[in-house]
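Following: one structure in structure tokens, then a few remarks.
Each reported figure results from applying straightforward, stated rules to the coordinates on display, with no laboratory input. These figures come from a predicted structure and were not determined experimentally. Every residue, glycine among them, receives a Cβ derived from its backbone with ideal geometry; neighbour counts consider all protein chains shown.
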Amino acid sequence: MSSKFWWGQNGGDRKIRWLSWRKLCRPKVQEGLQDNHSLLFRVLKSKYFPSTTFLKASIPSNASFAWKSIMAARKIVEMGYCWKVGNGRQISIWEDKWIPSPSTYKISSLRLQNEGSFYVNDLIDPQTKSWKKDLISRSFRLEDAALILKIPLPNEGTSDSIFWVGNSSGVFSISSAYKLLESSYEVDLEESSSGKVDGSLWKAIWSAKVPHKIRVFAWKAACNILPIKTKLFDRNIIPSFTCDLCNKDLETSSHALLECSSARLVWVCSSLDPFNCGVSFVMRDFLGHCVLAYADRVRMEQGPNVQLSTFVLALQASLEQSINKVQFERSHRLAISVCRTSQMDSGNNVILATKINRLASLFCICEFSSIPPGCNVLALELAAYAYNISSSETWLGTIPPFLIKHV
């Protein structure tokens, strides 16, 4: 519609677009038609942020619905904006985003309590138009100081300006803002206690070759939004939260699907028993030759954490082979963390962590490191094989034949 307004249209015939939309949206001083001094901008500024910038504007109690809506979208701008240093008079050293550090774009050095709201121009020598290196070195951490000194300063007294970090052009666009929001949402999911789920799970759910209603049910179960009794009780819909099948425990999602005796019976009769798990490890020397490979199928409910059990088996096998220097690589970060710190929550996991620590002390060198899942193909393929065997299998001095294609 805006394009039709500027270039016109005769019926269904479009007229020539003499300038791209991106250029059209530039400020007037840069070839475009965008006007930061338009009547709308001046009205909003005089009413809501007369003595500050839009990024620091507030929402008064008598604010209009339009202003509240604008402010609701400001968080997107706050996520993707960054100051470009000119004369440094508008940029707060501690509060604004202005240094080339893609993680936060803010100073990470510790701020002293008695320090005021200094501005970037306090760090610039007005005579030489260069950074005050001695002051910067004394005031900030080495990493921050190095980043600040990398920022080029204009020779003339150019004003500070804001650019968009969401794309390489530095110009805000709806698509880049959407991508920024999407990436921040993924980070929030990873950091939240309820969102620590591998992204491969969602791909597996939605790509599963089952009826769509089964995929939806699996998605609801993974998101913990099934209408189980504990949730219905919390909403005052039903008076009890005890499982109707076993009449013992609370009916949570995990209980209804996995832990209840009736649910376990269903799984045992199924070919997809979640309580069975394949454990495996491949031991190689410094040349990459296979020393030992092991695979077994275990019952998860009878034992502790399967990942930690694998470490115990591998440590014991290494001692039996008189190996005194070992390095374990695993894609399971939690298991690696437990092996490094020997700490776990409770129960069998504590016993396993203690056992791992005791066995590791018997080696001259024993290291644990986390690697991406794609770098551990041999162990993953062997674990998949272990899931379908009835008893443990060991390959000494040779690699399992079905894994040769992955070497």
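Counting every other Cβ atom within 10 Å of each residue's Cβ, GLU367, GLU381, GLU320 order from fewest to most as GLU320, GLU367, GLU381. As a rough footprinting exposure proxy, the listed residues PHE41, PHE281 were ranked by other beta carbons within 10 Å of their own, and the order from fewest upward is PHE41, PHE281. Residue-wise HN-Hα couplings along the stretch 221-232, as the Karplus relation 6.51 cos²θ - 1.76 cosθ + 1.60 with θ = phi - 60° gives them from phi, are 5, 5, 8, 6, 10, 6, x, 7, 5, 4, 6, 5 Hz; Gly and Pro carry x. Under 5 Å from the amide H of PHE328 lie the amide H atoms of GLU367, PHE368, SER369, each residue being 5 or more positions distant or on a separate chain, with H modelled from the backbone and absent for Pro and chain starts.
Fully extending the segment from ASN376 to GLN316, taken as 0.36 nm per residue of separation minus the present Cα-Cα distance, adds 19.5 nm. Based on the Cβ-Cβ distance of MET79 and LYS133, what FRET efficiency does E = 1/(1 + (r/R0)^6) give at R0 = 25 Å, to the nearest 0.05? Working from the Cβ atoms, E equals 0.20. Counting every other Cβ atom within 10 Å of each residue's Cβ, ILE399, ILE214, ILE151 order from fewest to most as ILE214, ILE151, ILE399. At an R0 of 45 angstrom, the distance between the Cβ atoms of ASP234 and LEU181 translates into a FRET efficiency of 0.90. Pairs over the 24 Å Cα-Cα cut-off, from the set LYS203/LYS405; LYS203/LYS231; LYS45/LYS97; LYS355/LYS405; LYS97/LYS150; LYS56/LYS106: LYS203/LYS405; LYS203/LYS231; LYS355/LYS405. Taking the stretch 201-268 on its own, what percent of its Cα-Cα pair distances exceed 13 Å? Percentage above 13 Å: 67.
Placing +1 on each Lys and Arg Cβ and -1 on each Asp and Glu Cβ, with no other charges, gives the stretch 78-164 a dipole about its Cα centre of roughly 180 debye.
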